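The values are calculated or read from the model by the stated rules, or taken from the named source; none is laboratory data. Remember, it's a predicted structure, so these values are computed and weren't measured experimentally. Cβ placement follows ideal geometry from the backbone for every residue including glycine, while neighbour counts extend to all protein chains displayed.
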Amino acid sequence: MAETLFIRLGSQAQEAIQWLVYSTAEQEIIASGELSHAQKLSELTEKAQQRQVKVIVPSSDVLLKSLTVPGKSSRAVKQAVPYMLEDDLAQDVEQLFFAFHDVGTDEQGHNCFTAIVERAQMQLWQSWLADAGIKAVSIVPEVLLMPIAEQGWSAIALAEHNLSPVVVRQGEWSGFTLDAITWQMQCQALANDEDAIAIDAYSALPCDDNLNLHVMPEELPLALMAKQSKKVSFNLLQGEFKVKSQHGVAIKNWLLVASFAAFALLLTFAYKGAQLWQVNAQLAQVEQEIVDTYKKAFPETKRVRVATIKSQLNQKLAQLGSTSDSEGFLALLAKVQPAFSKVPSLKPSSLKFDGKRQELRIQAMASSYQHFEQFQRALENTGLTVKQGAQNNQGQQVTGSFSIVNKAGSGQKRGRQGQVNLANKTRGDK
């Protein structure tokens, strides 16, 4: 966002609140003002909706400490700090919130930098903002938004009257905010110091007669802090107070939806995989049935492959007659089949087809001679020429033969003689 809304909160709800809208692109103030107390924050709700909001809080509520803590683990160091400072703090560490800033190690060998604030105070600030519908991206103590002086300190008065609090930055991780009375005492101490500390003053300071001041271009306090904010990475909103960004929530929601979609896709793949496995199992069963049927029809075949069965069948059919010949074996067999249906008691024991003569020879058995006569008449009714061969009575069965050709003639086609032996299949059938 090109514009940022800065809000300086007080320690208590009845204290005045300053605000400023600053354009980071144009480096200029868009608007500024003051609210009489925290309940007036709702007047800034509309301004906050389309802008990034950064909150500034009094440094008098935030204690900055630099420590040297043994240990390499950042987590272990942070856990140790509250108990290292327990004797130096007026309150129980359980009531305090410790925020940390990672800036490496300073010249004094400090490797841990913490900002300490009452947990209740953090909750109070957040409740004011929540009641006004304002979402802040950061909360920073005002002293860290002051410029760092090349030599000495930097300071600014928060108002133009003599009772104004004064914000002082001493170094990278040190500074304070003093009320008017305490500032007077500080000025006296500085005046009595033989090594007078130089102070970069960004406004007129109360009781500054005996101070070593470097007068800097005068700025509005919030304007000065707004300019410095882009250099500050520290944020009190961490740990239990960390902001849950809308982007993070959106990603979380997206990941939730994506996980459901992935689960659904996984179920689909599992279902399709199960279907494929079932189809493959059925295919394997059918292929085995084809192989078993082929071996049963042609028991002399030792090795059978499903991929070659079609070509092997074509070879077998070629031995019986041309598959394209309408008067060949298959065409003649199709005319004979209805006669078997009409005389079910007559069973074939073998078939021979003479491709050269286009003649089908059938060896059959039945329970009586009459069945042979019935079978012959049934064949002749289909337009076939039938000759009966010798018949023999073998106990309860009669065996005999038939020579069958089409009335249109025989011997017109060339072919090879073949035989299908059905004796194993039909012997004993009546």
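Annotations for the structure displayed:
- Test result for residue 313, assigned by TED's automatic domain parsing to the domain that holds residue 395, modelled with pLDDT under 90, within 30 Å of residue 285 (Cα to Cα) and among the aliphatic types (A, V, I, L, M): yes
- Strands (runs of 3 or more DSSP E) within segment 86-157 that include 1 or more residues among the aliphatic types (A, V, I, L, M), within 21 Å of residue 8 (Cα to Cα) and in contact with a Ser or Thr (Cβ under 9 Å, 6 or more places away or on another chain): 96-101, 138-141, 153-157
- Residue 69 being within 28 Å of residue 9 (Cα to Cα) and touching a strand residue (DSSP E or B) at 6+ places or on another chain (Cβ under 7 Å): no
- Qualifying residue in segment 201-208 (condition: assigned by TED's automatic domain parsing to the domain that holds residue 100, among the hydrophobic types (A, V, I, L, M, F, W, C) and touching a residue at least 24 places away in the same chain (Cβ under 8 Å)): no
- Each residue in segment 347-401 was checked for being under 22 Å from residue 330 (Cβ atoms) and not in a helix (DSSP H, G or I), and 26 of them qualify.
Results for (1) in a strand (DSSP E or B); (2) of a type outside the set (Ser, Thr, Tyr), shown as yes or no for each residue.
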residue: 22; (1), (2): yes, no
residue: 31; (1), (2): yes, yes
residue: 44; (1), (2): no, yes
residue: 53; (1), (2): yes, yes
residue: 64; (1), (2): yes, yes
residue: 69; (1), (2): no, yes
residue: 75; (1), (2): no, yes
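- The lone exception for residue 66 - which of (1) in contact with a Cys (Cβ under 9 Å, 6 or more places away or on another chain); (2) crowded, with 17+ Cβ neighbours inside 10 Å; (3) over 28 Å from residue 166 (Cα atoms) it fails: (3)
- Residue satisfying condition, being farther than 29 Å from residue 186 by Cβ and of a type outside the set (Phe, Trp, Tyr), within set 53, 93: 53
- Residue within segment 244-257 that is part of a loop (DSSP other than H, G, I, E, B), touching a His at 6+ places or on another chain (Cβ under 9 Å) and surrounded by 10 or more Cβ atoms within 10 Å (Cβ to Cβ) present: no
- Residue within segment 83-94 that is among the hydroxyl-bearing types (Ser, Thr, Tyr), touching a Gly at 6+ places or on another chain (Cβ under 7 Å) and either at pLDDT below 95 or surrounded by 16 or more Cβ atoms within 10 Å (Cβ to Cβ) (or both) present: no
- Residue match in segment 96-107 (condition: modelled with pLDDT of 90 or more and of a type in the set (Val, Ile, Thr)): no
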